[in-house]
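Undergrad: Just passing along the structure, written as structure tokens.
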Amino acid sequence: MFTGIVVEQGRVSKAKNARGLLELEIESPHVARGLEKGDSVAVNGVCLTATSTGRRKFEVEAMSETLQKSTLASLKRGATVNLELAARLHDRIGGHLVQGHVDGVARVLRMEDDGGARRVWLEAPDNLVRYLVPKGSVTLDGVSLTVVEAGKSSFEVALIPHTLGVTTLSDLSIGSEMNLEVDVIAKYVERLGAAWSRNGGRAW
């Protein structure tokens, strides 16, 4: 479990396809020191397992299911990625509860500077936009953000100067694709509500 608060930007030093997996080596002095082999780490919002760790680098693997649901397959050597270590039970939840289980990909439609901040409009699959509500939470490339507005097939977020300064979101352009994870609480509510309806509004 994560909170969507990026702690470091890492650099991909190796990206290799082998045995149907994408093997990544990532340079990240801070995050690498906090990892042990087998630990979970969020890479652009995707929960992966550290297969090797060192003082300044670590390695992870992504399987085909992950590559199909996320943008990780497009990562090349030299790419910058958002990183977050798994949360501890006594940690503050500075963002919101993030699983690192990406639901799909969002694409940037429009951007507009707003003082030092930036407003971004994104397109997402209809089956995911329905989970987004104004002032609700959403995760984009591992960053916990607040939804400003949500429509039938698009939504808006606002990026404050701090977020632009410490994450890869400052590099966005029209057409950029981002890993999208909706709030898991919304999915649970939908599932429970459907079961309640099927049961005639009675407890089961």
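The values are calculated or read from the model by the stated rules, or taken from the named source; none is laboratory data. These figures come from a predicted structure and were not determined experimentally. All Cβ positions, even for glycine, are placed from backbone atoms using ideal geometry, and neighbour counts span all protein chains on display. What goes into the accessible areas is simple: the full protein's heavy atoms, side chains included, and nothing from ligands, DNA or RNA. Shrake-Rupley method; radii C 1.70, N 1.55, O 1.52, S 1.80 Å.
Undergrad: Which number in (1) open to solvent by less than 80 Å² (accessible area, probe 1.4 Å); (2) modelled with pLDDT of 95 or more marks the one condition that Gly116 misses?
TA: Every listed condition holds for Gly116 apart from (2).
Undergrad: Filter the stretch 1-19 down to the residues that are in contact with a Leu (Cβ under 9 Å, 6 or more places away or on another chain), over 12 Å from Glu84 (Cβ atoms) and either open to solvent by 30 Å² or more (accessible area, probe 1.4 Å) or without any contact (Cβ under 8 Å) to a residue 60 or more places away in the chain (or both) and list them by number.
TA: Of everything in the stretch 1-19, those that are in contact with a Leu (Cβ under 9 Å, 6 or more places away or on another chain), over 12 Å from Glu84 (Cβ atoms) and either open to solvent by 30 Å² or more (accessible area, probe 1.4 Å) or without any contact (Cβ under 8 Å) to a residue 60 or more places away in the chain (or both) turn out to be Lys14, Ala15, Lys16.
Undergrad: Listed residues Ser52, Ser40, Ser28, Ser74; which is modelled with pLDDT of 95 or more and open to solvent by less than 30 Å² (accessible area, probe 1.4 Å)?
TA: Exactly one of Ser52, Ser40, Ser28, Ser74 is modelled with pLDDT of 95 or more and open to solvent by less than 30 Å² (accessible area, probe 1.4 Å), namely Ser28.
Undergrad: If you don't mind, another one. Taking the condition within 23 Å of Leu145 (Cβ to Cβ), open to solvent by less than 70 Å² (accessible area, probe 1.4 Å) and either assigned to a strand (DSSP E or B) or among the β-branched types (Val, Ile, Thr) (or both), does Val60 pass?
TA: The answer is no for Val60.
Undergrad: Right, something else. Which of the numbered conditions does Gly94 fail, given that it passes all the others? Conditions: (1) among the small types (Gly, Ala, Ser); (2) surrounded by fewer than 18 Cβ atoms within 10 Å (Cβ to Cβ); (3) modelled with pLDDT of 95 or more; (4) under 20 Å from Glu181 (Cα atoms).
TA: Going through the list (1) among the small types (Gly, Ala, Ser); (2) surrounded by fewer than 18 Cβ atoms within 10 Å (Cβ to Cβ); (3) modelled with pLDDT of 95 or more; (4) under 20 Å from Glu181 (Cα atoms), Gly94 breaks only (3).
Undergrad: Do we have Arg33 as farther than 21 Å from Asn179 by Cβ, at pLDDT below 95 and not hydroxyl-bearing (Ser, Thr, Tyr) here?
TA: no
Undergrad: When residues of the stretch 124-157 are filtered for being surrounded by fewer than 17 Cβ atoms within 10 Å (Cβ to Cβ) and either over 29 Å from Ser40 (Cβ atoms) or charged (D, E, K, R) (or both), how many remain?
TA: Number satisfying all stated conditions: 9.
Undergrad: Filter the stretch 175-199 for residues that are open to solvent by 50 Å² or more (accessible area, probe 1.4 Å) and either charged (D, E, K, R) or within 19 Å of Leu145 (Cα to Cα) (or both) and give the result.
TA: Across the stretch 175-199, the qualifying residues are Glu177, Ile185, Lys187, Glu190, Arg191, Arg198.
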